[in-house]
1. At each listed q (0.09, 0.14 Å⁻¹), what is the log10 of I(q)/I(0) that the Debye formula gives for segment 80-335 modelled as equal alpha-carbon point scatterers?
2. Please compute the length gained on full extension between residue 27 and residue 183, using 0.36 nm multiplied by the number of residues separating them and subtracting their Cα-Cα distance.
3. Given the Cα atoms of segment 99-178, and with Rh set as the inverse mean 1/r over their pairs in the Kirkwood sense, what is Rg to Rh to two decimals?
4. Run through the DSSP bridge list for the chain and note the antiparallel percent, rounded to the nearest 5.
5. How much length would be gained if the chain were fully extended between residue 323 and residue 145, taking 0.36 nm per residue of separation minus their Cα-Cα distance, in nm to one decimal?
6. Would you calculate the separation in nanometres between label points at residue 215 and residue 311, each defined as 7 Å from the Cα along the Cα-to-beta-carbon direction?
7. If you build the convex hull over the alpha carbons only and average its shadow over all orientations, what do you get for segment 189-256? Give it in nm² to one decimal.
8. Sum -39500 (n - 2.57) across every DSSP H segment of at least 4 residues in the chain, then divide by the residue count to get the 222 nm mean residue ellipticity, nearest 500.
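Where a number appears in this text, it was derived from the coordinates with a stated rule and is not lab data. All values reported here derive from a predicted model rather than from experimental measurement. With ideal geometry, Cβ positions are generated from the backbone for all residues, glycine too; neighbour counts draw on all protein chains shown.
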Ligand code: NAD
């Protein structure tokens with residue numbers, strides 16, 4: 001049996017079922033900050049959905065979870081439209097998928113002189129706008145087009161300057177980055193949650209999201225949130241940099257928090273070395289990472305590669321296998 005579009009009924013039903021389960025998981029993860037399925041299970045469902053859609057392109061609609069970012073916003077915060085859309089990242093789950101991504105890039109734009117490798121921080125994306133060098137707005141990614149106005153809470157993040165240092169900043173600069181809780185902060189926040197008789201957060205990402213989306217900025221101020229820059233959206237006026245690494249160095253000069261762990265490398269072998277290094281030294285950084293992000297460094301090439309509806313084609317996330325140890329560690333501590 002097939003549907004009116006000629007898709008086998010069984011595949012259409014499975015598509016419906018998976019979409020509903022992923023929508024529900026998105027709501028619990030992004031809106032409630034309380035996931036009920038593991039990331040591995042979520043990724044498995046998403047992969048199955050992508051593979052169904054690859055076999056039956058008629059199933060792809062703008063509503064499909066494969067085409068969207070985050071979850072529809074349900075919030076008590078004011079909502080703000082992003083100056084430029086915030087996207088997600090495509091994943092490479094195997095060496096073959098990483099190679100396939102590199103081959104697609106090279107086919108499209110020729111040999112790439114520089115890949116920027118950086119850590120994939122387990123936090124939540126934020127867009128922080130500076131106008132004439134002053135912090136005026138902080139907005140969560142939300143569904144990518146519209147986010148929640150968390151400006152007052154963002155102002156409590158010590159790593160973010162209220163005024164940019166130096167000179168030459170654009171009239172409007174929308175800094176993009178990851179808000180996170182360092183490992184120590186995560187344990188601390190969860191211990192307080194448990195003491196107050198509340199459920200501990202499942203992972204640092206949910207703890208950071210829950211902390212940033214507090215109604216009372218005084219509560220957020222007590223959560224040791226930090227932030228690292230991983231891009232920018234709007235850049236109006238001033239001289240635009242020519243590469244991702246160039247932008248990072250300029251933003252570092254303005255006092256913005258830029259990681260010193262990123263590296264620009266010449267090709268896929270060096271990308272693999274970076275991935276292997278942090279696979280073995282995953283706990284070196286003071287914050288949790290769930291992978292490595294590889295970006296084509298030159299903006300002219302990024303523009304040529306463009307984006308799909310939910311992710312840039314010029315970047316790929318390599319995910320390390322999940323480590324579900326944090327709540328166990330906390331249980332031991334709390335039990336003492
Ligand atoms: P993602 O976490 O796979 O990758 C995109 C995000 O990575 C960006 O939006 C940005 O916030 C972040 N990031 C961190 N470091 C970065 C860097 N250096 N450069 C660029 N971006 C960086 O994508 P997502 O759309 O936020 O979430 C999807 C993932 O979230 C899933 O793969 C799954 O692991 C998890 N998830 C889990 C559930 C669940 O119920 N367990 C539900 C929804 C999502």
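1. Debye curve over Cα of segment 80-335, log10 I(q)/I(0) at q = 0.09, 0.14 Å⁻¹: -0.41, -0.99.
2. 53.6 nm
3. 1.10
4. About 95 percent, rounded to the nearest 5.
5. 61.0 nm
6. Going by the 7 Å Cα→Cβ label model, 3.7 nm.
7. Seen from a random direction, the Cα hull of segment 189-256 projects 6.5 nm² on average.
8. My calculation for the chain gives -11000 deg cm²/dmol from helical runs alone.
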